Amino acid sequence: MTRAERQQRTRDELVDAAERLFSGQGFHATSIDAVAAEAGFTKGAVYSNFDSKEDLFFAVYERRVDRRVEEMEAAAREAPTAAEAFERMAPGTEGRREPGDGWLAVFFEFWAHVLRHPELKQRFAAQHRRVIETVAAALEVPGDSYKVATAHFAMQLGLQLERLTQPDVVDADFGRRMGLTLMDGGRDRLPD
């Protein structure tokens, strides 16, 4: 392996370890020392690849967004209608890799953290925007499709948050069903 390949491998292993620990323990409870130990490296290896724990979290989040956008773009390309594209993109869709509750919890924890640290907001918003723009591109709605996609995305995130605390009310498929109802204009029906 070249030096650059070894560096990339180290970075990837650190991101993998960080994702496991952040998802299992949370952002605030996970230390840089723990990530280094989990990956089999020193704390110095973490800091030679990342500026801070936030930077490490962003590496995890950005990688997840890359994968998610790729999945969503493929779903949109393969779907014959906007409604079917949306259905294939939505949480709870059969065959779609779902984030575990640990990831959802740390995602919301980090989002709240970002709100208290303005220097992080723009980077977080840029990743958030990438997902919303992918949804907007697939929607066939009159008006500002980005705003409509933002509303759909906000509803999905809110339902996922509710699912963490009320799984008896909001099952994994509920967001998909609600999204389809809204796309259909809510025509005299609400999902079960």
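The values are calculated or read from the model by the stated rules, or taken from the named source; none is laboratory data. Because the structure is a prediction, the values reported are computed rather than measured. A quick note on method: Cβ atoms are made from the backbone with ideal geometry, for glycine too, and the neighbour counts reach across all protein chains shown.
Quick rundown of the values:
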{"read-out": "Lone unmet requirement of (1) of a type outside the set (Lys, Arg); (2) touching a His at 6+ places or on another chain (Cβ under 8 Å); (3) crowded, with 17+ Cβ neighbours inside 10 Å; (4) not in a helix (DSSP H, G or I) for PHE86", "value": "(4)"}
{"read-out": "Tabulated pairs, the range 163-192, first farther than 20 Å from GLY100 by Cα, second polar (S, T, N, Q) and modelled with pLDDT of 70 or more, C-beta under 6 angstrom, 6+ apart or interchain", "value": "PRO191/THR181"}
{"read-out": "Filter result for LEU120 (touching a Gly at 6+ places or on another chain (Cβ under 8 Å), assigned to a helix (DSSP H, G or I) and either at pLDDT 85 or above or not assigned by TED's automatic domain parsing to the domain that holds THR30 (or both))", "value": "no"}
{"read-out": "Of all residues in the range 158-192 being crowded, with 18+ Cβ neighbours inside 10 Å and aliphatic (A, V, I, L, M), the one that is modelled with the lowest pLDDT", "value": "MET183"}
{"read-out": "Selected residue [at pLDDT 95 or above and crowded, with 16+ Cβ neighbours inside 10 Å] from ALA59, ALA37, ALA75", "value": "ALA59"}
{"read-out": "Residue ID - nearest to MET72 (Cα to Cα), chosen from residues in the range 123-149 that are outside any helix (DSSP H, G or I) and either hydrophobic (A, V, I, L, M, F, W, C) or in contact (Cβ under 8 Å) with a residue 12 or more places away in the chain (or both)", "value": "LEU139"}
{"read-out": "Residues that are over 25 Å from THR165 (Cα atoms), more than 13 Å from the chain's Cα centre (by Cα) and among the charged types (D, E, K, R), drawn from the range 108-140", "value": "GLU119, LYS121, ARG123, GLU133, GLU140"}
{"read-out": "Count - residues of the range 22-75 that are in contact with a Ser or Thr (Cβ under 6 Å, 6 or more places away or on another chain) and either closer than 14 Å to PHE107 by Cβ or not in a helix (DSSP H, G or I) (or both)", "value": "1"}
{"read-out": "Pick from the range 89-102, criterion modelled with pLDDT of 70 or more and under 15 Å from ILE132 (Cα atoms), ranking: surrounded by the most Cβ atoms within 10 Å (Cβ to Cβ)", "value": "MET89"}
{"read-out": "Set VAL141, VAL106, VAL114: member being among the hydrophobic types (A, V, I, L, M, F, W, C), surrounded by 13 or more Cβ atoms within 10 Å (Cβ to Cβ) and at pLDDT below 95", "value": "VAL141"}
{"read-out": "Filter result for ALA154 (within 21 Å of ALA59 (Cβ to Cβ), among the aliphatic types (A, V, I, L, M) and at pLDDT 85 or above)", "value": "no"}
